[in-house]
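First up is the structure itself, then whatever we jot down about it.
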Amino acid sequence: MGLSTSLSTAIGGLNATQVGIGVVSQNVANAGTTGYVRRSVSTADSLSGLTIGVQNTQVQRLLDKIVQHQLWQEASGGAYTSTRASAMSNLDKLYGAPGSATALDTIFSQFTGALQSLQNDPSSYSLRSQVIDSAAQLARQLNTLSDGVQTLRSQAESGIANGVAKVNDLLGALTKVNSRIVAAPNDSSTASLKDQRDLILSELSQYVDIKTTEDARGSISIITGSGTQLFDGQAAVTFSFDEHTGLDADDQWNADPTLRGVGTIKMKDASGNVSDAIVNRIFRSGEIAANLELRDKTLVQAQAQLDEIAAHLAEALGSGGAPIFVDGAGNTPYAGAADKLGFAGRIAVNDDIIQNRALLIGPVGTASGDATRPAALLKALTQDDRNFAALGLDGSTTPTTGTIANFVQRVVSSQGQAVEAAKRLDEGQQVALASIQSRFQETAQVNVDQEMSMLIELQTAYAANARIISTVKEMMDVLLRV
């Protein structure tokens, strides 16, 4: 090996270590930067004629892509469970703790207690007033719960709208970054662009479950868990959502636009074809899927529970005289199944009874001390079995039989069970997500101590190559003086 060969090899080594030092410095500087993936420089032998040297090939991002894909899937699941758990927690706060002063079972018990007292002394004006007051409180609580459920549905509707808008924005941002990656050389600038792209994909996974593939050019393709193409070098679809505000109980989703009272998600592909993403079940995990389930299933079932209670109260206490509960929209008697949807939001105490409390005891002319009707009203609530259509928040509509008092208790109980189930599911999912995040960071996260050790090695190599260059120069100077 001649001096010129030695010089060329040393210069190549010097350049390689210089790039390596730059990458290490970049790693250390970005140790706490969100989304930054640790880099390294790969080198290879350089063969020029009979001379073997060293050259840099590319800047590599150090990450496990399989674990990264698992991380995005778990992130979708985590967003789904946390969105549901948060909404269920708000629903639980709305209902109140069982036995608390504002809880439905407590207010119902106060109403039956007032009827029990009236049965013992039907002629007492104050006891009649207590029954009216407790009945009004029960009706107001059902109104409040119904309004609260619809508020939560409206929040889910807004969540869907925000999620759809965010997905469109992220796909647009992804198009820009992806095109820059394809056009750029494979160096540190490309690594930074890929960090940006992964941050976008990470955020996208919060809203929809995604699977990605990358081709030889560095361009990515994205499909959902349902197999729908979202991205192939550029956005493959655009979503739209016709948000409805101020939802009522009768505002529900239907594939028929003429029957639909809430927003639906439309998907337009590159050819202009439009389809319904909800009909085709495009969103199966992530925040959007959770909000769809809350709006169209879980909270609809919660409303059905309340309507079932209100309807049976009106039916059971509507005979033997003036009905106790009516439809507050027009002070009209409950009209049966056709009137059930949303009835919990409209139930009210009959104005006729409020104006003439003697009607609690029976029709005009009934003896003031006659306990027949108060006893019948109490029996209808606490002893008579009735058939109820809805119970669980899990979508179950299996009929159940029992007293109204028992059904109220079961509704409160099922509500608590549903909240606990959602909480446990979310806790388990967050543990799984944290575990996969830890596995991903083992490779991708910058370890400053490790980088400092690498820097010392590179400095040593740099000094050695510099020493070789200096020695070769001295030897050449000697030759020139000969």
Gyration tensor verdict on segment 305-358 (Cα atoms; rounded if a/c is under 1.5, prolate if a/b is larger than b/c, oblate otherwise): prolate
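So what's the net charge close to ASP256: Lys and Arg +1, Asp and Glu -1, counting the other residues with Cβ under 15 Å from its Cβ?
That sum, taken over residues with Cβ under 15 Å, equals -3.
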Ranked VAL208, VAL326, criterion: other C-beta atoms within 10 Å, fewest first: VAL326, VAL208
Around ALA79: net Lys/Arg minus Asp/Glu count, Cβ-Cβ under 14 Å: -3
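Taking 30 Å as R0, compute the FRET efficiency from the Cβ-Cβ separation of ALA31 and THR460 and round it to 0.05.
Computed FRET efficiency for ALA31 and THR460: 0.85.
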Label point 7 Å beyond Cα of ASP250 along Cβ direction - residues of segment 306-346 with amide nitrogen under 17 Å: 307-308, 311, 327-346
C-alpha long axis of helix 104-120 to longest principal axis of the chain, angle in °: 10
Sequence of GLU203, GLU214, GLU287, GLU308 once ranked by neighbouring C-beta atoms within 10 Å, starting from the fewest: GLU214, GLU203, GLU308, GLU287
Degrees separating the helix 3-29 axis from the principal Cα axis of the chain, which is the longest one: 20
Pairwise label distance in nanometres, ASN162 with ASP351, each label 7 Å out on the Cα-Cβ vector: 4.1
Mean ellipticity per residue at 222 nm, deg cm²/dmol - from DSSP H runs of n ≥ 4 across the chain, formula -39500 (n - 2.57): -19500 deg cm²/dmol
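Given axes a ≥ b ≥ c from the Cα gyration tensor, I'd like to know whether segment 180-268 is rounded (a/c under 1.5), prolate (a/b larger than b/c) or oblate.
prolate
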For segment 67-433, diffusion coefficient by Stokes-Einstein and Kirkwood Rh (Cα), 10 °C, 1.306 mPa s, µm²/s: 68
Label zone at SER40, where the point sits 7 Å out along the Cα-to-Cβ direction: segment 423-447 residues whose backbone N lies under 15 Å: 442-447
Efficiency of FRET from Cβ geometry, VAL274 and ASN406, R₀ 35 Å, rounded to 0.05: 0.10
Distance between modelled label sites at THR144 and SER100, nm, 7 Å Cα→Cβ extension: 1.1
Inter-centroid distance (Cα atoms) of segment 178-241 relative to segment 122-173, Å: 40
Ranked list, fewest to most other Cβ atoms within 10 Å of each Cβ, for SER129, SER82, SER438: SER438, SER129, SER82
Close Lys-Lys pairs in the chain, where close means Cα under 25 Å and separation is 8 or more or interchain: 24
Sequence-separation-based contact order of the chain, relative, with Cα cut under 8 Å and 6+ spacing, percent: 23
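Only the coordinates and a few stated rules stand behind these numbers; no lab work does. It should be emphasised that the depicted structure is a prediction, and the values quoted were computed from it without experimental measurement. Cβ atoms come from the backbone with ideal geometry, glycine included; neighbour counts cover every protein chain shown.
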